[in-house]
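The values are calculated or read from the model by the stated rules, or taken from the named source; none is laboratory data. Predicted model, so just to flag it, every value in this text is computed and none were measured. Cβ sites come from the backbone with ideal geometry, for glycine too, and all protein chains shown count toward neighbours. Surface areas here come from the heavy atoms of the whole protein model, side chains and all, with no ligands, DNA or RNA. Shrake-Rupley method; radii C 1.70, N 1.55, O 1.52, S 1.80 Å.
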Amino acid sequence: MSDALVLSSGGARGAFQAGLICALAERGHIADGEALHPYGLVCGSSIGTLNAWFVSTGQYTALRKAWGTIADAHIFELKRKYAALMEPKAFLGDRVYDYVHLALAISEHEQAMAQSAPILRWMETHMDPTTPVLTPMVWAVTNMTTQSGEYFYRLPKRMNGGIPSGVAHALEVTLGATTAVRPAGDDVLHRAILASAAIPLVFDPVVLPMLNGTEGHYIDGSIVSEAAVAIARTIARNVDVVLVDAKSGRTEYKNALAVVLGAYATMQRDTLETAMRNIYFETLAERSRAPKAGDLPLGRISYIRPDKPLAPDLDAFSEQSVIDAMFARGEQSAQAGFSPYIWETFHL
């Protein structure tokens, strides 16, 4: 397999990825129902997993429509008892009460601040599990019950025999023999993708069946594999990574939720940069021994990212004009194309 596309996490900034994908399809004269050339694999994490579904199934018009109306779906809603946490005009007394209430609830019985049902409804509206898969898709989730990473995949019907043995072996070497890599059937597709986007403390864990037949609780896959970069490099020769963050700079935090998301984003950036750097040096090592490398997949890793910071993670879901602007930024960025990753000059 020659090329893989990986889509990172980033909340509402996934609109940038969507705009980029639609522009790549348009520029390549790729119609709905056709695979996005030259990619033979698409990997995602969090919001990148949702976008990866549309790439995997060749639904570029549907992707544009989904993001063009997403504000009306109100997919990010705090549970009513915590609504004042995100309302800057709320009375100070209300915010203090909600902060204390949240701290007490989380210590006793509450698992998260936001509702998961709106996202699931959006997925059920825009993501039909019966849509044929054109390009293999892989995404990571975190099994909190066993405290381990797992990977789901969807394959085209032409690959009904499952993952090729050579790929299965490569994944086992990369991930470890005990890491679960399993198909996401139609019955669990939405929940398995939702789990990839379930940010801890923000969204409740998603209940999914585990391989042993019991139920487990799953959350955001970027905890164990930001954008599944390692899997992409294991399977594909060349890896193109779509980031939604410009170079990091000074960040201000206006409320408790922003602090939680900022801490989480810091962890994600570190995980992603480490993965990209590891791939870079592995590729250099492979090239240095190329005459003896045999059939090792000598390739490259490239990336594309916004030139300036995009809107905050979750607030922007309710502002269609902000979403549209980020989508347009993605379309514009597609014109510049992907840049080769060089560890000395790349900083998240």
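Couple of notes before you dig in:
- Look at the stretch 303-316: where a residue is assigned to a helix (DSSP H, G or I) and a partner is not aromatic (Phe, Trp, Tyr), sitting 6+ places away or on another chain with Cβ atoms under 6 Å, you get Ala316/Ala12; Ala316/Val322.
Yes/no per residue for (1) open to solvent by 20 Å² or more (accessible area, probe 1.4 Å); (2) within 16 Å of the chain's Cα centre (by Cα):
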position: Ala12; (1), (2): no, yes
position: Ala15; (1), (2): no, yes
position: Ala23; (1), (2): no, no
position: Ala35; (1), (2): yes, no
position: Ser45; (1), (2): no, yes
position: Thr49; (1), (2): no, yes
position: Leu63; (1), (2): no, yes
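- The test for being at pLDDT below 90, in a helix (DSSP H, G or I) and farther than 29 Å from Ile30 by Cα does not hold for Ala90.
- Filtered by the rule that a residue be farther than 19 Å from Ala232 by Cβ and at pLDDT below 80, the stretch 166-185 gives Ala177, Thr178.
- For the stretch 117-149, filtering for residues that are open to solvent by less than 60 Å² (accessible area, probe 1.4 Å), in contact with a helix residue (DSSP H, G or I) (Cβ under 8 Å, 6 or more places away or on another chain) and either more than 22 Å from Leu63 (Cβ to Cβ) or outside any loop (DSSP other than H, G, I, E, B) (or both) leaves 13.
- Screening the candidates Val239, Val202, Val188 for the property of being at pLDDT below 85 and either buried (at least 16 other Cβ atoms within 10 Å of the Cβ) or among the aliphatic types (A, V, I, L, M) (or both) yields one hit, Val202.
- Taking the stretch 317-332 as the range and being open to solvent by 20 Å² or more (accessible area, probe 1.4 Å) and either part of a loop (DSSP other than H, G, I, E, B) or under 21 Å from Leu272 (Cβ atoms) (or both) as the test, the residues that pass are Glu319, Arg329.
- Among the numbered conditions (1) surrounded by fewer than 24 Cβ atoms within 10 Å (Cβ to Cβ); (2) under 16 Å from the mean Cα position of the chain (by Cα), the only one that Arg182 does not meet is (2).
- Cβ pairs under 9 Å, 6+ apart, first in the stretch 318-330 and over 13 Å from Gly11 (Cβ atoms), second surrounded by 19 or more Cβ atoms within 10 Å (Cβ to Cβ) and aromatic (Phe, Trp, Tyr): Asp324/Trp67; Phe327/Phe16; Phe327/Trp67; Arg329/Phe16; Gly330/Phe16
- Residue count, the stretch 298-317 (criterion: more than 16 Å from Arg329 (Cα to Cα), over 18 Å from the mean Cα position of the chain (by Cα) and among the charged types (D, E, K, R)): 1
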